[in-house]
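The values are calculated or read from the model by the stated rules, or taken from the named source; none is laboratory data. As the structure is a computational prediction, the values presented were derived from the model and not from experiment. Virtual Cβ from ideal backbone geometry, glycine too; neighbours counted across all protein chains shown. Quick note on the areas: whole protein, heavy atoms, side chains included, nothing else; ligands and nucleic acids left out. Shrake-Rupley method; radii C 1.70, N 1.55, O 1.52, S 1.80 Å.
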Amino acid sequence: MNEMIARTVSFGVTGVTGYPVTVEVFSAGGLPGLEIIGLPDASVRESRERVNAAIINAGRRIPPKKITVNLAPADIRKEGPSFDLPIAVGMLLANGQLNLASGIQPEKIVFFGELGLDGSVNAVNGALSIVISASENGFQDVIMPADNAMEVACIEGMRIYPVSHLSQVIDYLEGRVPIEPQAQMRYDELLRQKEVRADLSQVKGQQGARRALELAAAGGHNLLMIGTPGSGKTMLARCLPGILPPLSFAESLETTRIHSIAGRLPPGAGLMVERPFCAPHHSSSVASMVGGGQNARPGEVSLAHNGVLFLDELPEFSRAALEALRQPLEDGMVTVSRVRRQAVYQSSFMLIAGMNPCPCGYYGSRQRECHCTEAQIRRYLDQISGPLLDRIDLQVEVDAVPVSEITGGTPAESSSAVAARVRAARDVQLKRYQGTGIHCNARLDNQAIRAFCPMRPAAEKMLSQAVDMMHLSMRAYSRVIKVARTIADLKGEEQITEVDIAEAVQFRELDQKYWR
């Protein structure tokens, strides 16, 4: 029997970045069998059975020969079932089971997709990263699962051929039945489909909390809400995505890549247009928060990139999980290191936290009496460390709203009205920080604060007095200035006034009340 070798091209994924993989298939005489080399993991090794069954159910048969599949480069571990399709095409080519049509060049086409035993081509994780990396490496043609096609519909300059069965791929390569490339679309078209899921018009009262939420959205600030059970902390937090500016195209690509790698995108989903809202349970481990597992998968802080990480019942989280937030809050990225893999994930998110003031939840409430001892309250509050509190820009108390205020009164302001003010403030910041890599006030460093946060003399004097009276750390001092910068931006003012400083300082007063 003649010896034959065939090559197809695919891409693997490490972190959120794709890398090219050459699938080499060598078919020769000898004891029949199929061996896959090139550091495959268990899911890749199992593709032998999936590929064989899929080829048979696509109407072809592989002759009894010794077949070797090499996934190059051989020094990078290959993971996941996305190599099923390129292996199947390579096997058909190496064994003379494909009569390529004129002009078809498989080595210039990127193949990826999981094969079912019936020959179906199923969706895989990381499709967006694969297509972006294929484009960066000079490829234009991609044959991929139909359920992943919408995910890459906004990538320009690519010809995407969505398929749902291996027989479609065979018919296309042999020139019998063409596959129409997917019509790519503009990101603006997706933005028009954005919907607000939770509207601020549903929140009655809570003027202080609503103001804090608007400031958080306008400047990208972290926010802590302390209040009694049922006072509306969770509802307020869930309204935040509706007043944030929509994701830009670049932000959408970053965010969708992370969710695609993690397998969080539903089949047929396109690019994400709404900022993510992640609300992990308080029993979450450190690994689930910052990422981990054998394959160094992204955690909640990365899934919340460009969006909101909401931690309800903040003191109920483990101390280790909360302390693990400090580095991503400061740096906007997290490095996940494991024995087999190291990955760097972006994690620039807004932290919104909610908590009760004490274990029973009614310390300081006007509605019910608190029955906790001072020692119980202290143990409860001490679960949150000073360094973590320092990284929270805004603190606000939320108490239960009287029934008369809920059932009567004027209608509450809608999310669309607040979003318009937030968008105007964000536009001012984008223009001010153009070319600096900073996109909102919360990301200012000390050098940028000196350059972009001019204060009136009276404001500087007031801030200095507040620092001395409240014993603020230098980090808290900087964050007061950033919040004051946002307050001034919402008013359309260039200089920070004493009124702006006074309001910003008010949102640091709970440090003194609860963590003296």
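Could you compute the FRET efficiency for I104 and Q327, with r as their C-beta to C-beta distance and R0 at 56 Å, rounded to 0.05?
Numbers: r = 50 Å, r/R0 = 0.89.
According to the calculation, E is roughly 0.65.
Other residues with beta-carbon under 11 Å from the beta-carbon of Q383 carry, at +1 per Lys or Arg and -1 per Asp or Glu, a net charge of -1.
Each other residue within a Cβ distance under 14 Å of I62 adds +1 if Lys or Arg and -1 if Asp or Glu, for a net charge of +4. Take every Cα pair under 8 Å whose residues are at least 6 apart in sequence, average their separation, divide by the length of segment 283-442, and the relative contact order is 19 percent. Rounded to the nearest 0.05, the FRET efficiency derived from the C-beta distance between S337 and I449 at R0 = 35 Å is 0.60. Within segment 464-503, the GluC sites (Glu not before Pro) that combine a DSSP coil assignment with at most 11 other C-beta atoms in a 10 angstrom radius are E494. The residues of the chain expose, per residue, 43 Å² of accessible area to a 1.4 Å probe.
Sorted by mean Cβ packing within 10 Å, highest first, what order do the peptides 30-41, 341-352 take?
Going by the mean number of other Cβ atoms within 10 Å, highest first, we get 341-352, 30-41.
Loop-located GluC sites (Glu not before Pro) across segment 124-226 with a Cβ neighbour count of 16 or fewer within 10 Å are E156, E174, E195, with loop assigned by DSSP.
If the chain between Q434 and A250 were fully stretched, how many nm would it gain, using 0.36 nm times the residue separation less the Cα-Cα distance?
Numbers: separation 184, 0.36 × 184 = 66.24 nm, distance 1.52 nm.
Length gained between Q434 and A250: 64.7 nm.
Amide hydrogen proximity for L247: with H placed 1.01 Å from N in the peptide plane, the residues at 5 or more positions away or on another chain lying under 5 Å are R275. The figure for S82 is an accessible area of roughly 10 square angstrom, using a 1.4 Å probe on the protein chains alone.
Just to confirm a number: summing +1 for Lys and Arg and -1 for Asp and Glu over residues other than F317 whose beta-carbon lies under 12 angstrom from that of F317, what do you get?
Numbers: positive: R319; negative: E300, D312, E313, E316, E323.
Computed value for this residue: -4.
In the chain, the DSSP-assigned H stretches of four residues or longer account for a calculated mean residue ellipticity at 222 nm of -10500 deg cm²/dmol, using -39500 (n - 2.57) per stretch and the full residue count as denominator. Placing pseudo-labels 7 Å out from each Cα toward the beta carbon at E413 and R368 gives an inter-label distance of 3.2 nm. Mind checking the angle between helix 457-470 and the chain's longest principal axis? C-alpha axes, 0 to 90 degrees, to the nearest 10. Tilt relative to the chain: about 90 degrees. This model, with +1 at the C-beta of Lys and Arg and -1 at the C-beta of Asp and Glu, gives segment 381-501 a dipole about its Cα centre of some 640 debye.
The H on the amide N of I36, modeled in the peptide plane, is under 5 Å from the matching H of V69, each at least 5 residues off or on a different chain.
Rounded to the nearest Hz, the phi-derived 3J(HN,Hα) couplings of segment 392-397 under the Karplus curve 6.51 cos²θ - 1.76 cosθ + 1.60 (θ = phi - 60°) are 9, 6, 10, 10, 9, 8, where x marks glycine and proline. The gain in end-to-end length when the M235 to D468 segment is fully stretched comes to 80.3 nm, 0.36 nm per residue minus the alpha carbon separation. Restricting the GluC sites (Glu not before Pro) of segment 348-398 to loop positions (DSSP other than H, G, I, E, B) with no more than 16 neighbouring Cβ atoms within 10 Å leaves E369.
Set the bar at 23 Å for Cα to Cα. Now go through K461/K482; K78/K108; K461/K491; K194/K482 and name every pair that lies beyond it. Walk me through the numbers before you get to the answer.
Working: K461/K482 16 Å; K78/K108 21 Å; K461/K491 21 Å; K194/K482 30 Å.
Over 23 Å apart, Cα to Cα: K194/K482.
Here the 3J(HN,Hα) profile of segment 304-314, calculated from phi with Karplus coefficients 6.51, -1.76 and 1.60 at θ = phi - 60°, is 8, 3, 6, x, 10, 10, 9, 10, 8, 6, 3 Hz, Gly and Pro shown as x. In the chain, Cα pairs under 8 Å separated by at least six residues give a relative contact order of 13 percent. Rounded to the nearest 10 degrees, the inclination of helix 47-57 to the longest alpha-carbon principal axis of the chain is 60 degrees. Between E313 and A183, the modelled labels are 4.9 nm apart [label points 7 Å from Cα along Cα→Cβ]. Full extension of the chain between E174 and K66 gives 36.4 nm of extra length, using 0.36 nm per residue less the Cα-Cα distance.
Quick one: pull the percent of accessible area on the chain belonging to carbon and sulfur, 1.4 Å probe, ligands and nucleic acids left out. Don't skip to the end; give the middle numbers.
Numbers: 11100 of 22290 Å².
The nonpolar share, carbon plus sulfur, comes to 50 percent.
Under a 5 Å amide H cut-off, with hydrogens placed 1.01 Å from N, L224 pairs with A353, L394, Q395, V396 among residues at least 5 apart or on other chains. Among (1) 33.9, 95; (2) 24.2, 85; (3) 27.7, 91, find the value of Rg and Dmax of the Cα atoms in Å that was calculated from the structure presented, and write down its label. From the options (1) 33.9, 95; (2) 24.2, 85; (3) 27.7, 91, the structure gives (3).
For segment 385-509, averaging the sequence separation of C-alpha pairs within contact (under 8 Å, six or more residues apart) and dividing by the residue count gives a relative contact order of 36 percent.
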